[in-house]
């Protein structure tokens, strides 16, 4: 749910008493469209976040600390000049509009006490943060500057007069039911109630309009002409309950989560909403905490997806390049295969030298390779002798044979690289955290797909020297590169099951962590994670339930997730070998067993819930 006008009103109502009288100690701009005000309050220091970005415009108190740029941007310097040391004397919102006004008093350069307005306009991609001299109405600066070239309505430039965003003509909260009903009487009877609420009433978002309709006992698709007096009365009562912050003394802020474990929240509300009743609800003590938690999780998710997208682009570009190479190789192999017939032509010419006179352009000879002795028409170069024509075809044959040998090697190498990139793609798609994506990024650097390998070597060298120093001072220290943290699960029988998160961890599990008799699993000929089941001494295989559950995890963390009857190879670690110059995560084995499995959802759900730390 977005921060609509009604939710903002509840948030202002909650935070205004806490922020009035606060001193602005410091101002930072850690991100391009985000300002942090360090406030000094009677009960301690707090930080106020003001975001005017297109994705998540908002304001709330926060405990989060972000890295600041080495030199502050211009807008940050303007705010510091005019606001640092000032006092917040009021915070308010006009008629449920999404514009929050921070009224601040401070002394100017001449020592005069002046009043400044800091307007936070929360309007999607048009969001902005504008500092205005209250006495003159003049803009001192805006986070986003623009002239009439971008907006015919107003300019946001220093020295211009501040104009509030254009009014949409929506009505403020109405307490009179008759007036409220009259709003609908002038509209099209063939429009949905949700659309009418959104069009005519200030502060109402699509989610809030839907909730009003649901709480009135109507369906989301109810049209105006379908409503009677009782329906209008129920709609008005629901509207009054939700959209009149001044009259509502208590709220019950909630976060809503999808059923999947460890998923970020997908909505927040100031009271429980019926439209989210199928989601997992978490109630919090304050709306500020709710808003902060929601947008913090959203920020993490956005950063995660941005990082995933950039890495995915690198992998996809390499895949596209390889597919073009493979197409060239296939054409070369096809042409070379057709040229292998030149050997036969050379031998037939050699056997019929006595029949070939000079300056012939072609000759027809009997094909003694064919039991039926069919005739073959062989083109000739009239400038060459018969023996030279035969030698020319031998050379073309030898060239085709050499092309096949070389090109097939290139083709196999390209196919191996495609399989490797496919495995990277699976790891990327299934990585749930930024740290796991960073590991994949390091792997891409190590393999030369990303510039900066020399920086990686320098960092690893420094890390190595640092580790040696610590080892001298303390006990043995293992770096994160020496000690990966794979996924760890427990089978229904209590057995540990390890699952690699990426190719580096797959190598570590299979070639270092695993003991010779431990069981190793992988989906057959499909990119995916390596799975390891440690076994006791003398134990050849785990119990059937553990084997099935380990195979289910191998399928879940592979490109075959969601498929049925997936073949899963399993063997002992001692059977695994890593070819020379093989890419990370690539191993070969000769002896194995294969299990065909369709993972049961209830088994997967129970297994995934057992994830724990590294053992």
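A few points about this structure:
- The chain, relative contact order in percent, only Cα pairs under 8 angstrom and at least six apart counted: 7 percent
- Relative contact order (%) - the stretch 487-608, alpha-carbon pairs under 8 angstrom, separation at least six: 28 percent
- The peptide list 496-505, 404-413, put in order of mean Cβ contacts within 10 Å with the highest first, becomes 496-505, 404-413.
- For peptides 108-115, 514-521, sequence by mean Cβ density within 10 Å, most packed first: 514-521, 108-115
- Helix 5-19 axis versus longest C-alpha principal axis of the chain: approximately 70°, rounded to the nearest ten.
- Ordering of 557-568, 418-429 by packing [mean C-beta count within 10 Å, highest first]: 418-429, 557-568
- Shape of the chain, Cα gyration tensor, a/c cut at 1.5: prolate
- Rounded if a/c under 1.5, otherwise prolate or oblate - the stretch 209-285, Cα gyration tensor axes: oblate
- 0 to 90° range, to nearest 10: angle between helix 342-351 axis and the chain longest Cα axis: 10 degrees
- Overall form of the stretch 309-451 per C-alpha gyration tensor (a/c, 1.5; a/b vs b/c): prolate
- Between helix 386-430 and the chain there is an angle of about 30 degrees, using the helix long axis and the longest principal axis of the Cα atoms.
- Relative contact order computed over the stretch 177-283 (Cα-Cα under 8 Å; 6+ residues apart), in percent: 22 percent
Laboratory data are not the source of any read-out in this text; all were calculated from the coordinates shown. Note that the structure is a prediction, hence the values are computed from the model and not measured. Counting neighbours? That spans all protein chains shown, and the Cβs are built from the backbone with ideal geometry, glycine included.
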